[in-house]
C-alpha cells in the first residue's frame with residue numbers, strides 16, 4: 001500500500017540523517033523533495049501546495065525539541081499533516097437516526113459499487129448488529145442485479161426482488177415499504193453507474209434521492225485511478241452532495257493520490273477502505289494509522305485489533321493487561337504471528353510490523369518467506385526464559401541463538417529491535433488509542 005510514495009519519502013528523510021542540526025535551508029530542501037514525491041503520487045496539486053505550506057509553517061514556526069534530529073523534526077510535522085489531510089481521525093457512519101437508515105451507494109461503473117454495497121451490508125450486520133436490506137436500482141444492468149442477489153446470499157443479507165423492467169424510483173418506494181413491514185433497520189441502495197459522469201445518470205440519481213431521502217450518499221471510488229477518482233468525487237459531490245467516500249482497491253494502490261486528495265478536495269470524509277475481494281474486506285478508514293504506514297512506522301493498532309478478533313475474550317483481556325503493564329513478551333509476539341498468519345494476507349501482516357514494510361509488497365516473494373522463516377527460527381532457538389524476558393539477551397545468548405537458528409547475530413539483533421519497537425507502540429496505544437500513540441511517539445499535535 002502506497003509503496004512508491006513511502007519509498008520516496010524515506011529517501012527524503014534519509015538525506016537528513018547525516019545533518020547535525022535543523023536549519024531553514026535543510027527544511028526547505030526536504031520539503032521541495034516531499035512536494036515532488038506527492039506530485040508523483042498523483043496528489044491534487046492544490047492539496048500538495050497547501051500541505052507543503054502547512055508543514056513549512058509548523059516546522060519553522062515552532063521551537064525545536066533538543067532531542068530531535070532534522071529527520072525526526074520533519075517526519076513529525078509531515079505525519080501530522082498527512083493525518084489531517086486525510087481527515088484527522090476515523091469517522092463513524094452515523095446510524096443514530098430514525099430507522100431505517102437509508103444509504104445510497106453512488107459511483108461509476110467498474111468502481112466496485114455492487115461489491116462494496118454487499119460489504120457494507122455485512123459490516124452493518126456483523127459489526128453494528130443491524131438488519132439491513134440490499135436493493136439494486138441498476139435496471140440497465142441485469143448482471144449487477146444478479147450479482148447483488150448472489151452476494152446477499154453469501155453474507156446472509158436479504159435482497160429485494162427487482163426486475164429490469166421496473167423504474168428505479170418505483171423500486172426505491174417499494175424498498176421503503178418492505179423495510180417498514182419487515183422490520184429492516186437499514187437499506188442500502190446499489191444505484192446505476194456509467195463509464196463516466198453524464199446528465200442522464202445524475203438526473204436518475206437525483207430523482208432517486210428525492211424519492212427515498214437517504215441519510216447518507218456514499219461515493220464508491222477506485223483508489224487506483226488516482227486523480228481521476230478525485231475528479232469523479234468532485235463531480236458527484238457538486239451534484240449530489242455526497243456525505244462520505246468508500247475507497248476500493250486501497251491495498252493495491254502504490255501511489256496514494258486518491259486517499260490523500262479526496263477529502264481535501266470535496267470535504268467529504270473517507271469512511272471505508274476496500275482492502276480485498278472477500279465480504280469482510282471492508283475496513284473503517286483510519287487516517288492516523290495510514291499516515292503511520294506511509295512513513296514506515298507500521299500499523300500496530302490494526303495488528304492488535306486483527307489479533308484480538310481471533311482470540312477469546314479472556315485471552316484478549318490478558319493481552320490488553322500486558323500492553324498496559326509493558327509485559328508483552330516474545331512468546332506473545334510469536335502467538336500473534338501464528339494467529340495472523342491463519343488470516344490470509346502475509347503482505348498485510350508484514351506491512352503492520354515496524355521494520356518489515358520493505359518486504360510487505362513482496363509478500364509472496366522468496367525474500368518475504370525467508371524473512372518470516374528467519375523470525376520463526378530465531379524465536380524457536382530461544383529458551384522459554386529468553387522469550388519471556390528479552391532483556392536478558394546479552395551478546396553470548398544472541399550468538400547462541402544465531403547459531404541455533406542458522407542466522408547471524410545481526411539478524412537476531414534486528415529482530416529484537418523490531419520486537420522492541422512493536423512493544424513500545426503497543427504501550428503507547430493503551431494510553432489513549434491512535435492519537436495517544438501518535439502523541440507518545442512525538443507525532444501528535
* Asked: Taking the condition closer than 21 Å to residue 88 by Cβ, touching a helix residue (DSSP H, G or I) at 6+ places or on another chain (Cβ under 6 Å) and at pLDDT 85 or above, does residue 286 pass?
  -> no
* Among the listed residues 81, 164, 71, which satisfies the condition of being over 18 Å from residue 272 (Cα atoms), in the same structural domain as residue 261 (by TED's automatic domain parsing), in contact with a helix residue (DSSP H, G or I) (Cβ under 7 Å, 6 or more places away or on another chain) and modelled with pLDDT under 90? -> 164
* Quick check, is residue 122 within 20 Å of residue 209 (Cβ to Cβ) and either assigned by TED's automatic domain parsing to the domain that holds residue 211 or surrounded by 23 or more Cβ atoms within 10 Å (Cβ to Cβ) (or both)? -> no
* Asked: Does residue 193 satisfy the criteria of being assigned to a loop (DSSP other than H, G, I, E, B) and crowded, with 17+ Cβ neighbours inside 10 Å?
  -> yes
* Of the residues that make up the range 91-110, is at least one part of a helix (DSSP H, G or I), at pLDDT 90 or above and assigned by TED's automatic domain parsing to the domain that holds residue 209? -> no
* So, in the range 243-266, of the ones that are surrounded by fewer than 24 Cβ atoms within 10 Å (Cβ to Cβ), touching a helix residue (DSSP H, G or I) at 6+ places or on another chain (Cβ under 8 Å) and not in a helix (DSSP H, G or I), which residue ends up modelled with the lowest pLDDT? -> 254
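The values are calculated or read from the model by the stated rules, or taken from the named source; none is laboratory data. These numbers come from a predicted model, not from an experiment. FYI the Cβ positions are ideal-geometry reconstructions off the backbone, even for glycines, and counts take in every protein chain you see.
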